[in-house]
Every structure is written in structure tokens, then in C-alpha cells.
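Scroll down for the structure; my scribbles are underneath it.
The values are calculated or read from the model by the stated rules, or taken from the named source; none is laboratory data. Just so it is clear, the model here is predicted, and its values are computed rather than measured. Methodologically, a virtual Cβ is constructed for each residue, glycine included, from the backbone with ideal geometry; neighbour enumeration extends over all protein chains shown. Areas reflect the complete protein model, heavy atoms only, side chains present, ligands, DNA and RNA absent. Shrake-Rupley method; radii C 1.70, N 1.55, O 1.52, S 1.80 Å.
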Amino acid sequence: GAPGDAAAPADAAGSAARAPDGALIQVRGLRKHYGDVEVLRGVDLDIGKSEVVCIIGPSGSGKSTLLRCLAFLEEYDAGDVLIEGELLGYATRNGKRVKASHAQINHARRNVGMVFQQFNLWPHMTAAGNVMEALQRVRGRSRDEARRTALAMLDRVGLAARADAYPAKLSGGQQQRVAIARALAMEPHIMLFDEPTSALDPELVGEVLQVMKQLARDGMTMAVVTHEMGFAAQVADKVVFIDEGRIAVQGSPHDVFHDADHPRLRQFLQNYF
Ligand code: ADP
Ligand code: MG
């Protein structure tokens with residue numbers, strides 16, 4: 001983008017502590033490249049409080065990269081990501097953008113939880129142990145306190161009875177629900193899901209989607225990269241179609257699935273309907 005693109009919103013973010021009208025995530029002109037390849041080519045996206053946004057699109061279109069930028073697991077090259085009005089990952093000093101300190105980054109993303117396709121549970125820890133780990137290490141909770149929270153979170157995903165089971169004794173669907181419980185234990189305001197059911201056997205997909213539906217009903221703000229079009233149609237407030245690093249179409253599920261006549265979207269959806 002133009003050199004001035006990033007400066008104004010970044011300065012505004014520095015002075016205004018809160019986002020206007022409740023948008024928990026604001027993405028403006030987001031760009032990201034790997035080597036010569038521009039993977040995100042100017043993404044603009046708002047996610048309001050309690051909104052569920054489902055992100056769809058072909059493989060390699062930049063969906064994971066976008067989500068990873070929202071958690072600052074990736075640095076972005078230009079544009080702004082504001083989380084609850086706070087610029088994520090960067091600060092402006094003397095009108096120039098500089099990378100934020102670790103402390104600033106952790107502060108800005110403390111309310112963002114993420115769930116991946118691969119559950120990444122610690123194999124040597126029980127379900128409860130996996131949920132307790134960050135509570136104790138990152139949040140400084142006592143063992144007893146962390147255990148209480150872990151049991152409450154496992155109950156929320158329907159796994160109270162399996163709290164002391166090791167991951168190897170749990171199905172993929174149960175392991176993913178533990179991963180969701182682990183993220184929820186940190187009390188995020190926003191949950192990001194990157195193809196949370198794509199690694200699961202088909203008969204285990206439903207139990208994970210069920211937990212996510214309940215989370216949506218409870219008012220959680222969510223961004224979900226998914227190929228589960230039924231879930232998106234039922235749960236999403238907004239569906240976003242990403243193609244070649246840009247948002248090509250966005251709208252209500254009905255608009256995107258039925259009305260939009262974007263040729264690349266129609267071609268993509270043919271694989272599902
Ligand atoms: P999606 O999740 O939509 O399948 P990704 O965001 O994972 O797409 O990837 C978008 C593009 O960026 C792809 O072409 C991919 O090969 C490339 N890419 C992703 N991560 C990296 C990386 N760490 N290094 C180099 N290229 C990457
Ligand atoms: Mg991906």
C-alpha cells in the first residue's frame with residue numbers, strides 16, 4: 001500500500017484506548033508476504049462483540065495466515081490489527097512503526113484464544129493437567145485454583161468425567177474439546193478456530209461443532225476457518241470468502257451461500273453443495 005497507509009490508524013490506536021461501537025477486532029489493509037509471495041493482499045474485516053464470523057476459501061488462499069496474524073503468531077507487513085482498540089504487535093515511535101515489546105504483545109493478545117486443527121495436547125499430562133498448565137504457568141494460579149477452573153472448563157465441553165484421562169486414551173473429538181477447554185480457561189474475549197474439525201474422523205466432527213455452537217450461543221466472539229458449510233450456515237453472523245489473499249465476498253450466510261454470484265465463490269461452493 002501507500003507509505004501513509006499504516007501511520008494514521010496506528011496513531012489513532014495509540015491514543016484511543018477502546019474501539020468504537022464494540023468491534024472487538026478491526027483489520028485494516030492487512031498485508032503479509034512470505035518471500036516473494038504476497039499471501040494477504042489488503043484484508044479489511046470487522047468482528048463485533050458476540051459475532052461469529054466463518055472464514056471459507058480454497059486451500060492456500062491465506063485463511064490460516066489471517067488467523068495467525070490476529071493472534072500475532074505471525075508478524076504482518078502492513079496495515080493494522082486492532083484487538084479491542086489496541087494495535088496488535090506494533091507501536092509507533094516518532095511516526096515510525098516499530099515492533100512492540102514482548103510484554104506489549106502479550107498484553108494486546110491476552111484476550112485472544114486459539115484452537116488449531118492439530119490439538120497439540122501434552123501427552124504426558126492428563127486432560128485436566130493440560131488445561132491447568134497455562135493457568136499455573138502464565139496466570140500464576142495456585143494448583144488448587146487451576147484444578148477447579150480446569151474441571152469447570154472440562155465440564156463445559158462435556159468432559160468432566162474424563163478429567164484424569166491422558167490424551168492417548170481420548171478420541172480425537174475429545175482431545176479437541178480438551179484443547180477448547182484449555183483455551184477457554186484463559187478467559188478469552190475472542191476465540192479463533194483454524195479448521196478445528198478437519199483432522200477428525202467424520203463421526204467425531206459433530207461433538208466438536210456442538211461445543212462451538214454452545215459457545216456461540218453463550219455470546220463468545222468467534223472467528224472460525226472451516227469447511228463445515230452446514231455449521232457456517234447455521235451459526236455464522238457473517239461468512240467471509242477469501243480468495244488469493246483478499247476478501248472476495250462477505251455477507252450473511254444466505255447472501256454468500258445463495259445470492260452472491262462471484263464466479264470463484266460459486267466454483268468453490270460447488271465442492272460442498
Ligand atoms: P490456507 O489456510 O487458506 O490454506 P495459508 O494461510 O496456510 O492458506 O497459506 C497461504 C499461502 O502462504 C500458501 O501459498 C502457503 O504455501 C504460504 N505459506 C503459509 N505459511 C508459510 C510459511 N511459513 N512460509 C512460506 N509460505 C507460507
Ligand atoms: Mg489453513
Notebook entry, point to check: Using Cα pairs under 8 angstrom and six or more residues apart, how large is the relative contact order of region 181-265, in percent?
Noted result: 23 percent
Next item on the list: Please identify, among Arg156, Arg139, Arg177, the residue showing maximal mean-square fluctuation in a Gaussian network model of the chain using a 10 angstrom Cα cutoff.
Entry: Arg139
Notebook entry, point to check: Considering only Phe72, Asn130, Met114, whose Cα is most displaced toward the positive end of the charge dipole of the chain, charges sitting on Cβ of Lys, Arg (+1) and Asp, Glu (-1)?
Noted result: Asn130
Next item on the list: For Leu24, list long-range residues whose amide hydrogen, built 1.01 Å from N in the peptide plane, is under 5 Å from its own amide hydrogen.
Entry: Ile47, Gly48, Lys49
Item checked: For region 154-233: rounded, prolate or oblate by the Cα gyration tensor [a/c cutoff 1.5] -> oblate
Check: Of Lys63/Lys99; Lys63/Lys238; Lys32/Lys213, which ones are farther than 27 Å apart at the Cα?
Finding: Lys32/Lys213
Next item on the list: Could you list which residues have their amide H under 5 Å from that of Asp243, counting only those 5 or more apart in sequence or on another chain, with H placed in the peptide plane?
Entry: Ala248
Item checked: Charge dipole (debye, nearest 20) of region 60-153; +1 at Cβ of Lys and Arg, -1 at Cβ of Asp and Glu -> 220 debye
Check: So what's the back-of-envelope 222 nm ellipticity for the chain, counting only DSSP H runs of four-plus at -39500 (n - 2.57) apiece and dividing by all residues, rounded to 500?
Finding: -10000 deg cm²/dmol
Note to self: Can you return the aspartates and glutamates within cross-link range of Lys96? Criterion is Cα-Cα under 18 Å, with same-chain partners fewer than 8 residues away left out.
What the structure shows: Asp5, Asp11, Glu75, Asp77, Asp80, Glu86
Margin query: Which of the three applies to the chain, rounded, prolate or oblate, going by the alpha-carbon gyration tensor with a ≥ b ≥ c and a/c under 1.5 meaning rounded?
Written below: oblate
Check: What nm distance separates the two modelled labels at Ser252 and Arg264, each placed 7 Å from Cα along Cα→Cβ?
Finding: 2.6 nm
Item checked: Centre separation in Å (Cα based) which lies between region 133-193 and region 208-273 -> 27 Å
Item checked: GluC sites (Glu not before Pro) within region 44-137: DSSP coil, no more than 16 neighbouring Cβ in 10 Å -> Glu75
Check: What are the ³J(HN,Hα) values, in whole Hz, obtained from phi via the Karplus relation 6.51 cos²θ - 1.76 cosθ + 1.60 with θ = phi - 60°, for each residue of region 79-92 in sequence order, with x given for Gly and Pro?
Finding: x, 10, 10, 10, 10, 6, x, 9, 5, 8, x, 10, 10, 9
Note to self: How large a share of the accessible area of the chain, in percent, is made up of carbon and sulfur atoms when the probe is 1.4 Å and the other protein chains stay in place?
What the structure shows: 48 percent
Check: Any idea of the accessible area per residue across the chain, 1.4 Å probe, to the nearest Å²?
Finding: 47 Å²
Check: Any idea what the relative contact order of region 30-127 is, in percent, if you count C-alpha pairs under 8 Å spaced at least 6 apart?
Finding: 21 percent
